[in-house]
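So the structure is just underneath, and the comments pick up after that.
Just so it is clear, none of the values below were taken in a lab; they were calculated from the coordinates. These numbers were taken from a predicted model, which means no experiment stands behind them. Glycine also receives a Cβ, built like all others from the backbone with ideal geometry; neighbour counts cover every protein chain displayed.
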Amino acid sequence: MGSSFAERALAAVGTARLSRHAPRAVGAPAGPRLELCRAALAHPLGAPPLGELARSARSIAIAISDASRDEPRDELLAALLDELPRERVTLVVAAGTHRADAGVVPSRFRHLPCVVHDATRADRVVELGSTREGTRVRMLREICEADLVVATGRIRPHYFAGYSGGVKSVFPGCGFQADILENHLLKADPSARLGRVDDNRCRLDMEAAALMLPGRLSILDVLDDCDGNPVAAASGDPILAHRALARQARELFVVEAPRSPVVVVADRPPITRSLYQASKMLPPAGALLEPGGTVIMLAECDKGIGPLERVNEGIYRLGVSRQLPEGHRVVLISQLSPDVVRESYAEPAGDLGAALEEALDRAGVASGVLLWRAGECIAEARPGGGREAGNALVSGA
């Protein structure tokens, strides 16, 4: 075990009462990430090479994610700026509805012009129309006025967009707050699920919004395993390139495990640093949890809950709870005070050992399931799969 909050808690109780399952780690990188990105740019999918697109582009915007996303910004930018004329490039920190600053820009690129998106600023966005779903689309002026926009990201499971990456750093990343929240209402649709993209109404609406940009839109995405080992990269058309990596991602992130009335979800920072982000660990448990069961979530939440109403309503009630079975309950083990946790959708618990014992006794079973690196999981119930005692490790756990 390492030194994260969750790893310390798990080490304290051992694995005797938990069957541990995790996404697959490739073991050895497919190659240096920078070289994978360069190769992807040399062979774009469904689009001309980026250097060719840049020749006629008077202004170029590169969108990078904010600090809530663990992404290899340095290599992504290094590969792109080998192809693009730096004097025409503006970096955009795509914060979505989060608060952000320019600190995520790697130090060697901080000499470039940089805009940090603030989704609350109506004076900084441009009206582009509405999608077929009726989502109004207003986006950051610097993105709308660029002749060429490059969206960057890392492919990983996302609880209602299917996977992250693709156009997400453009919309919702650079959208106006009201429009982002309107799109996110689609997370209640049954199609908006982990690992589902081609017929996912929420994901398709994001893509429709991003494609309303007046300029040319391209992407550069990377795929890493759960340990951060580079696996692949893709560039070019924002849909084709994203789907190519999403197909590969399934092989890494799908985890088969038995059904259980007790599921523990845990991961490493940054996803565990607020309840706003840590809530994304719950949907994988929904594929395994029996009705009336308990999910125990390990997340330090040292940055707090996040916007309370949005966490309780927009994230949990509208999205996450729909992917969990009837009668479920969520127990949170964190650094937050019990009174603070009680304001959220979760029940507080101070100790994993005691919480696990209580949940197992309540269910009348001897052991439960642990999803380690739950933020990187797409869980599927093991075929045949009722309850399973024992503590076998899934490959890669």
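Show me, for the range 183-189, the HN-Hα J-couplings you get by feeding each phi into the Karplus relation (A = 6.51, B = -1.76, C = 1.60, θ = phi - 60°), rounded to Hz, glycine and proline as x.
4, 5, 4, 6, 5, 6, 5
Which residues does the label zone of ASN229 cover in the range 5-41, counting backbone N under 18 Å from a point 7 Å along Cα→Cβ?
Only 21-37 pass the distance filter.
When N is the residue count of the chain, what does its C-alpha Rg come to as a fraction of 2.2 N^0.38 Å?
The reported ratio for this selection is 0.98.
Just from its helices, what would the mean residue ellipticity at 222 nm be for the chain, if runs of 4 or more DSSP H residues each count -39500 (n - 2.57) and the sum is divided by every residue, rounded to the nearest 500 deg cm²/dmol?
It lands at -6500 deg cm²/dmol.
Compute the helix-to-body angle for 240-253: its Cα long axis versus the longest principal axis of the chain, expressed 0 to 90° and rounded to tens.
20
Along the Cα→Cβ direction, 7 angstrom out, place labels at GLU127 and LEU308. What is the inter-label distance in nm?
So the label points at GLU127 and LEU308 sit 3.6 nm apart.
Count the DSSP beta bridges whose two residues both fall in the chain, then state the antiparallel fraction as a percent rounded to the nearest 5. Mind showing how you got there, number by number?
Numbers: 14 of 62 bridges.
Within the chain, antiparallel bridges account for around 25 percent of the total.
Give the long-range amide H neighbours of SER19: residues separated by 5 or more places, or on another chain, with amide H under 5 Å away, using H modelled in the peptide plane at 1.01 Å from N.
Placed amide hydrogens put GLY368, VAL369, LEU370 under 5 Å from SER19.
Each label point is 7 Å from the Cα along the Cα-to-Cβ direction; what then is the distance between the points at GLU145 and ALA12, in nm?
A separation of 5.4 nm, rounded to one decimal place.
Straight-line reach from LYS187: which lysines fall under 23 Å, measuring Cα to Cα and dropping same-chain residues less than 8 apart?
Cross-link targets: LYS168, LYS280.
Would you work out the Kirkwood radius for the range 242-397? I mean one over the mean of 1/r across all pairs of different Cα atoms, in Å.
15.8
Angle check, please: helix 33-42 long axis (alpha carbons) against the longest principal axis of the chain (alpha carbons), in degrees 0 to 90, nearest 10.
Compared with the principal axis, the helix lies near 50 degrees.
Net charge within 14 Å of SER334 by Cβ-Cβ distance, Lys/Arg positive one each and Asp/Glu negative one each, not counting SER334 itself?
Net local charge, SER334 excluded: -3.
Mind grabbing the base-10 log of I(q)/I(0) for the range 33-224 at q = 0.16 Å⁻¹? Debye formula, identical points on the C-alpha positions, no solvent, two decimal places.
Reported log10 I(q)/I(0), two decimals: -0.98.
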